[in-house]
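For reference, the structure discussed in these notes is given below.
The values are calculated or read from the model by the stated rules, or taken from the named source; none is laboratory data. Fair warning: this is a prediction, and the values are worked out from it, not measured in the lab. FYI the Cβ positions are ideal-geometry reconstructions off the backbone, even for glycines, and counts take in every protein chain you see.
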Amino acid sequence: MSPADRWDGDRLARRRAVEALRSGVPNADAVTALGSGQGDIEDRFIGLLDDAAEPRQGRRGRASMLLGAGFGDGKSHLLTHLGHVASSAGFVVSTVVISKETPMHDPAKLLRAAVESAVAPDGVRDAVADAAGALDTDSVGYAELLRWLRGPGRDLNERFEATLLLHQRLGSAAPGADEEFLDTIARFWAGDPLPMPDLRRQLKAVGEAKTFTFTPVKLRDLARQRLRFLPRLLRAAGHSGWVVLFDEVELIGRYSLLQRGRAYAELARWLDGEGDDEGEPLVAVAAMTDDFEAAVLSGKNDRDALPARLRDKQTVEYAEMAALAEVGMRHIERDTLALAAPDEAELDRAYAILRQLHGAAYDWAPPDVAGLERLGATRMRQYVRAWINEWDLVRLDPGYRPVTDAVDVPGDYREVAELDDDTP
């Protein structure tokens, strides 16, 4: 690559960073340029990574964090930065944005989104299939996976142990020995259905037809079991574990009452894991707006009314959901870590970095601009956008002196029918 080509590539990356920061959608270039600005949260996250990669003896429950901040305060930027930190530490990283397609109340869709967005530390995107192909049956990691599956993980459906056995047998056979079914196994682990006649036929072929008795399992329960199995599969393949980052969790507030109950319960499952699992190599981080407690838990009376509504269904399933929903709501009330507001030093640092970045992106020397008045209520995104827009205007008209005002748009927690469905 010639110096001119390299310069053009560098300038393009800087322009991408500027445009990402202007729009408030962080990309790798923007996050790398600015860093996180949240040292305490980053330190705590690194501690969670250490726990997941090298679990302490007797540690139970999942390594997790719940983050809260206002709209535009940098939640998505921070999650992207934490993802970079986790990837550097050898973790597979997934980012799930809660939306109509990935509702918080649907464990199967959440798991599918986490698998599809998973990126290995080396940049490979089909992380589960890649891990399946990298399994070494003679490795310590593989032995740990087997021990867990036959010990604490023995309550998983028989499909998991059967497919792991077949993966070992077929993978050690002559080259070309039913590679299609090996792919079927990897896709099952990633969330696809498993054709039972094919599974039984393969077990019969290796003399294990009478070893397993398969019981029916609901789709949502299978998704939750995959969530316990996959982090250990990834570690057996040589990764440190799995980090799943959830953004825009506040969308829960726009579901119907019963779906909010399901969503709180699933949030609790993601944050706490299974109580009996020891040394789970999974870290879950969820981010939501900091007005959620006042607007939804109190404003919609979810804290008091929702558990009673669920228990009114008078079924074991809804009673369990009510108990978990209460746990999820308590996490939001008590355990949310607030992002630190930028102080003068952080604003000065960000301003200096962005001024240099804008100059390198457009090959000019940006002058000082006024930006927004530094007030406690002003959000980081508003400062950043004001600086960038003012530099753009001055670059086009050096004599112009822009003045920027900021207007806050309140959060909207009105229920939206299309976000609802009939998930049992």
| field | Qualifying position, being surrounded by 12 or more Cβ atoms within 10 Å (Cβ to Cβ), of a type outside the set (Phe, Trp, Tyr) and within 25 Å of Leu227 (Cβ to Cβ), among Arg200, Arg187 | value | Arg187
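What is the residue count in the range 224-259 for residues that are outside any helix (DSSP H, G or I) and among the basic types (Lys, Arg)? Let's see the steps before the verdict.
Pass one, the range 224-259, residues outside any helix (DSSP H, G or I): 237-248, 255-256.
Filter once more, keeping what is among the basic types (Lys, Arg): none.
Here the count works out to 0.
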| request: Could you tell me whether the range 48-64 includes any residue that is of a type outside the set (A, V, I, L, M), touching a residue at least 40 places away in the same chain (Cβ under 8 Å) and more than 19 Å from Pro231 (Cβ to Cβ)? | output: no
| field | Residues that are surrounded by fewer than 16 Cβ atoms within 10 Å (Cβ to Cβ) and among the acidic types (Asp, Glu), drawn from the range 122-142 | value | Asp122, Asp136, Asp138
| If a residue has to be in a loop (DSSP other than H, G, I, E, B) and among the basic types (Lys, Arg) to count, how many in the range 94-122 make the cut? | 1
| Mind checking which residues of the range 235-287 are surrounded by fewer than 22 Cβ atoms within 10 Å (Cβ to Cβ) and basic (Lys, Arg)? | Arg254, Arg269
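A quick yes/no check of all residues on (1) surrounded by 12 or more Cβ atoms within 10 Å (Cβ to Cβ); (2) outside any helix (DSSP H, G or I):
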site: Lys313; (1), (2): yes, yes
site: Glu317; (1), (2): no, no
site: Ala350; (1), (2): yes, no
site: Glu390; (1), (2): yes, no
site: Val407; (1), (2): no, yes
| message | So for the range 357-379 (the condition being in a helix (DSSP H, G or I) and among the charged types (D, E, K, R)), does at least one residue qualify? | response | no
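So which residues in the range 190-216 are among the charged types (D, E, K, R) and part of a loop (DSSP other than H, G, I, E, B), if there are any at all?
So the first thing to find is which residues in the range 190-216 are among the charged types (D, E, K, R), and the list is 192, 198, 200-201, 204, 208, 210.
Those that are among the charged types (D, E, K, R) and part of a loop (DSSP other than H, G, I, E, B): Asp192, Glu208, Lys210.
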| field | Residues of the range 318-368 satisfying the condition of being free of Cβ contacts under 8 Å to residues at least 60 places away in the same chain, outside the structural domain of Ala69 (by TED's automatic domain parsing), of a type outside the set (A, V, I, L, M, F, W, C) and more than 16 Å from Val384 (Cβ to Cβ) | value | Pro367
| field | Pair list, Cβ < 7 Å and 6+ apart or interchain, from the range 95-106 residues that are farther than 14 Å from Met288 by Cβ to residues that are surrounded by fewer than 20 Cβ atoms within 10 Å (Cβ to Cβ) and among the hydrophobic types (A, V, I, L, M, F, W, C) | value | Lys100/Leu419; Pro103/Leu419
| Of the numbered conditions (1) touching a Gly at 6+ places or on another chain (Cβ under 7 Å); (2) over 23 Å from Ile332 (Cα atoms), Leu222 satisfies every one except a single condition; which is it? | (1)
| task | May I ask you to say which residue of Asp50, Asp29, Asp40, Asp106 is modelled with pLDDT under 85 and either assigned by TED's automatic domain parsing to the domain that holds Ser256 or not hydroxyl-bearing (Ser, Thr, Tyr) (or both)? | result | Asp29
| request: For Val119, state whether it is among the β-branched types (Val, Ile, Thr) and buried (at least 16 other Cβ atoms within 10 Å of the Cβ). | output: yes
| field | Criterion (modelled with pLDDT of 95 or more and under 25 Å from Arg125 (Cβ atoms)) met by exactly one of Ala190, Ala162 | value | Ala190
